[in-house]
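So the structure is just underneath, and the comments pick up after that.
The values are calculated or read from the model by the stated rules, or taken from the named source; none is laboratory data. Keep in mind that this is a model prediction, so the values were computed, not measured. For neighbour counting, all protein chains shown are included, and Cβ atoms are generated from backbone atoms with ideal geometry for every residue, glycine included. The area values use the complete protein model at the heavy-atom level, side chains included, leaving out ligands, DNA and RNA. Shrake-Rupley method; radii C 1.70, N 1.55, O 1.52, S 1.80 Å.
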Amino acid sequence: MTKNENERMMALIGKADVNELSTVRAAYNARMSALRNESKADLAVGNTVALNHSKFGGYVEGIVTKVNRTRAKVMIGVENYNVPMAMLTKVGA
């Protein structure tokens, strides 16, 4: 989205009533679900992924060892971490 589109959306949400906000929430949930499914379908065991989190000192790369319903097990160094799909970005092709 462009900055102008984002500002317009925020202005419209600011004017919305309860029923309209329910519609917005339903659309948001549907879009988030679609994005999660896309990222999950793109991951497979053995893929190299990246994540950026302060627990790991910023940007790190790891290897997917297992794909669960909402999270993936990622080996970073010698340890496995259970990481939410939304935090992962596939590295390379």
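Just a few scattered comments:
- Scanning segment 22-48 for residues that are farther than 17 Å from PRO84 by Cα, open to solvent by 70 Å² or more (accessible area, probe 1.4 Å) and over 14 Å from the mean Cα position of the chain (by Cα) yields a total of 2.
- Only one of the numbered conditions (1) in contact (Cβ under 8 Å) with a residue 24 or more places away in the chain; (2) in contact with a Leu (Cβ under 9 Å, 6 or more places away or on another chain) is not met by VAL60, and that is (1).
- Residue within segment 63-86 that is aromatic (Phe, Trp, Tyr), surrounded by 10 or more Cβ atoms within 10 Å (Cβ to Cβ) and touching a strand residue (DSSP E or B) at 6+ places or on another chain (Cβ under 8 Å) present: yes
- Subset of segment 8-21 that is loosely packed, with under 11 Cβ neighbours inside 10 Å and of a type outside the set (A, V, I, L, M, F, W, C) - its residue that is nearest to the chain's Cα centre (by Cα): GLY14
- Residue check for ASN52: surrounded by 10 or more Cβ atoms within 10 Å (Cβ to Cβ) and closer than 13 Å to MET85 by Cβ: no
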